[in-house]
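The values are calculated or read from the model by the stated rules, or taken from the named source; none is laboratory data. The structure displayed is predicted, hence computed values, not measured ones. Here Cβ is always computed from backbone atoms with ideal geometry, including for glycine, and neighbour counts include all displayed protein chains. The protein model used for the area step is the full one, side chains on, heavy atoms only, and it has no ligands, DNA or RNA in it. Shrake-Rupley method; radii C 1.70, N 1.55, O 1.52, S 1.80 Å.
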Amino acid sequence: MVVIVVVVVVVIVVVVVVVVVVVVVVVVVAVVAIVIVVVVVVVIVVVVVVVIVVVVVVVVVLVVVVVVVIVVVVVVVVVVVVVVVVAVVAIVLVVVVVMKTTNEAMAEIPEGKDKNMTQLHNPIDAAATVITEEINGT
(Lines give C-alpha, C1' and ligand atoms only; values in the text may rest on other atoms or scores of the structure.)
Protein backbone atom coordinates (compact mmCIF):
# COMPACT_ATOMS: atom_id res chain seq x y z
CA MET A 1 0.00 0.00 0.00
CA VAL A 2 2.82 2.39 0.79
CA VAL A 3 4.23 1.70 -2.63
CA ILE A 4 0.97 2.69 -4.29
CA VAL A 5 0.84 5.93 -2.32
CA VAL A 6 4.43 6.72 -3.26
CA VAL A 7 3.74 5.97 -6.93
CA VAL A 8 0.62 8.16 -6.89
CA VAL A 9 2.51 11.00 -5.19
CA VAL A 10 5.35 10.69 -7.70
CA VAL A 11 2.89 10.69 -10.60
CA ILE A 12 1.12 13.76 -9.17
CA VAL A 13 4.44 15.54 -8.67
CA VAL A 14 5.53 14.66 -12.23
CA VAL A 15 2.21 15.86 -13.65
CA VAL A 16 2.43 19.12 -11.66
CA VAL A 17 6.02 19.68 -12.82
CA VAL A 18 5.07 18.99 -16.47
CA VAL A 19 2.08 21.35 -16.19
CA VAL A 20 4.26 24.06 -14.64
CA VAL A 21 6.92 23.61 -17.35
CA VAL A 22 4.26 23.74 -20.09
CA VAL A 23 2.71 26.87 -18.56
CA VAL A 24 6.12 28.54 -18.29
CA VAL A 25 6.95 27.64 -21.92
CA VAL A 26 3.57 28.94 -23.12
CA VAL A 27 4.02 32.18 -21.17
CA VAL A 28 7.56 32.66 -22.52
CA VAL A 29 6.40 31.99 -26.10
CA ALA A 30 3.50 34.41 -25.63
CA VAL A 31 5.80 37.12 -24.27
CA VAL A 32 8.27 36.59 -27.15
CA ALA A 33 5.40 36.75 -29.65
CA ILE A 34 4.10 39.98 -28.09
CA VAL A 35 7.59 41.51 -28.17
CA ILE A 36 7.98 40.53 -31.84
CA VAL A 37 4.58 42.03 -32.70
CA VAL A 38 5.41 45.26 -30.83
CA VAL A 39 8.80 45.53 -32.59
CA VAL A 40 7.20 44.94 -35.99
CA VAL A 41 4.51 47.55 -35.31
CA VAL A 42 7.11 50.08 -34.14
CA VAL A 43 9.24 49.45 -37.24
CA ILE A 44 6.19 49.87 -39.50
CA VAL A 45 5.21 53.12 -37.75
CA VAL A 46 8.77 54.48 -38.02
CA VAL A 47 8.95 53.59 -41.74
CA VAL A 48 5.57 55.23 -42.40
CA VAL A 49 6.59 58.39 -40.52
CA VAL A 50 9.90 58.57 -42.41
CA VAL A 51 8.13 58.13 -45.76
CA ILE A 52 5.61 60.86 -44.86
CA VAL A 53 8.39 63.24 -43.81
CA VAL A 54 10.35 62.56 -47.02
CA VAL A 55 7.25 63.12 -49.17
CA VAL A 56 6.44 66.39 -47.37
CA VAL A 57 10.02 67.63 -47.75
CA VAL A 58 10.07 66.74 -51.46
CA VAL A 59 6.73 68.48 -52.03
CA VAL A 60 7.89 71.60 -50.17
CA VAL A 61 11.14 71.70 -52.16
CA LEU A 62 9.26 71.29 -55.44
CA VAL A 63 6.83 74.07 -54.53
CA VAL A 64 9.72 76.39 -53.62
CA VAL A 65 11.49 75.56 -56.90
CA VAL A 66 8.33 76.21 -58.93
CA VAL A 67 7.73 79.54 -57.15
CA VAL A 68 11.35 80.61 -57.71
CA VAL A 69 11.14 79.66 -61.41
CA ILE A 70 7.88 81.60 -61.79
CA VAL A 71 9.38 84.67 -60.08
CA VAL A 72 12.51 84.50 -62.27
CA VAL A 73 10.42 84.16 -65.44
CA VAL A 74 8.21 87.10 -64.43
CA VAL A 75 11.25 89.26 -63.65
CA VAL A 76 12.89 88.35 -66.98
CA VAL A 77 9.69 89.11 -68.89
CA VAL A 78 9.29 92.46 -67.11
CA VAL A 79 12.92 93.38 -67.83
CA VAL A 80 12.56 92.41 -71.50
CA VAL A 81 9.33 94.41 -71.81
CA VAL A 82 10.94 97.46 -70.16
CA VAL A 83 13.99 97.22 -72.44
CA VAL A 84 11.79 96.92 -75.55
CA VAL A 85 9.61 99.85 -74.47
CA VAL A 86 12.66 102.01 -73.75
CA ALA A 87 14.18 101.07 -77.12
CA VAL A 88 10.96 101.86 -78.98
CA VAL A 89 10.61 105.19 -77.16
CA ALA A 90 14.23 106.05 -77.97
CA ILE A 91 13.74 105.17 -81.64
CA VAL A 92 10.55 107.22 -81.80
CA LEU A 93 12.28 110.19 -80.18
CA VAL A 94 15.18 109.97 -82.63
CA VAL A 95 12.78 109.76 -85.57
CA VAL A 96 10.79 112.75 -84.25
CA VAL A 97 13.94 114.82 -83.79
CA VAL A 98 15.21 113.87 -87.28
CA MET A 99 11.85 114.70 -88.88
CA LYS A 100 11.54 117.98 -86.97
CA THR A 101 15.09 119.02 -87.80
CA THR A 102 14.72 117.98 -91.43
CA ASN A 103 11.47 119.92 -91.75
CA GLU A 104 13.12 122.99 -90.22
CA ALA A 105 16.12 122.62 -92.52
CA MET A 106 13.94 122.11 -95.58
CA ALA A 107 12.09 125.30 -94.73
CA GLU A 108 15.40 127.19 -94.88
CA ILE A 109 15.96 126.23 -98.51
CA PRO A 110 14.63 129.08 -100.64
CA GLU A 111 11.45 128.47 -102.61
CA GLY A 112 11.97 127.64 -106.21
CA LYS A 113 15.38 126.08 -105.61
CA ASP A 114 15.88 122.49 -106.61
CA LYS A 115 16.25 120.47 -103.41
CA ASN A 116 18.82 117.94 -104.54
CA MET A 117 21.25 115.93 -102.37
CA THR A 118 23.90 118.63 -102.40
CA GLN A 119 21.46 121.16 -101.01
CA LEU A 120 20.20 118.63 -98.44
CA HIS A 121 23.73 118.02 -97.12
CA ASN A 122 23.55 120.97 -94.72
CA PRO A 123 20.10 120.02 -93.29
CA ILE A 124 21.30 116.45 -92.73
CA ASP A 125 24.34 117.80 -90.88
CA ALA A 126 22.02 120.05 -88.88
CA ALA A 127 19.81 117.08 -87.99
CA ALA A 128 22.84 115.06 -86.90
CA THR A 129 24.00 117.95 -84.73
CA VAL A 130 20.58 118.29 -83.08
CA ILE A 131 20.40 114.52 -82.42
CA THR A 132 23.90 114.57 -80.92
CA GLU A 133 22.94 117.52 -78.72
CA GLU A 134 19.73 115.76 -77.61
CA ILE A 135 21.67 112.61 -76.71
CA ASN A 136 24.40 114.51 -74.85
CA GLY A 137 21.88 116.79 -73.18
CA THR A 138 23.49 120.02 -74.37
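A few points about this structure:
- The residues listed here are V89, V95, V64; of these, the one that is modelled with pLDDT of 95 or more and part of a helix (DSSP H, G or I) is V64.
- Apart from one condition, V3 fits all of (1) open to solvent by less than 80 Å² (accessible area, probe 1.4 Å); (2) over 30 Å from I135 (Cα atoms); (3) modelled with pLDDT under 95; the exception is (1).
- Residue check, V58 at pLDDT 95 or above, more than 30 Å from I135 (Cβ to Cβ), among the hydrophobic types (A, V, I, L, M, F, W, C) and open to solvent by less than 80 Å² (accessible area, probe 1.4 Å): yes
- Single match in T102, T118 (criterion: over 46 Å from the mean Cα position of the chain (by Cα), of a type in the set (V, I, T), modelled with pLDDT under 90 and open to solvent by 80 Å² or more (accessible area, probe 1.4 Å)): T118
- Of all positions in the stretch 77-86, none carries a residue that is in contact (Cβ under 8 Å) with a residue 12 or more places away in the chain and assigned to a helix (DSSP H, G or I).
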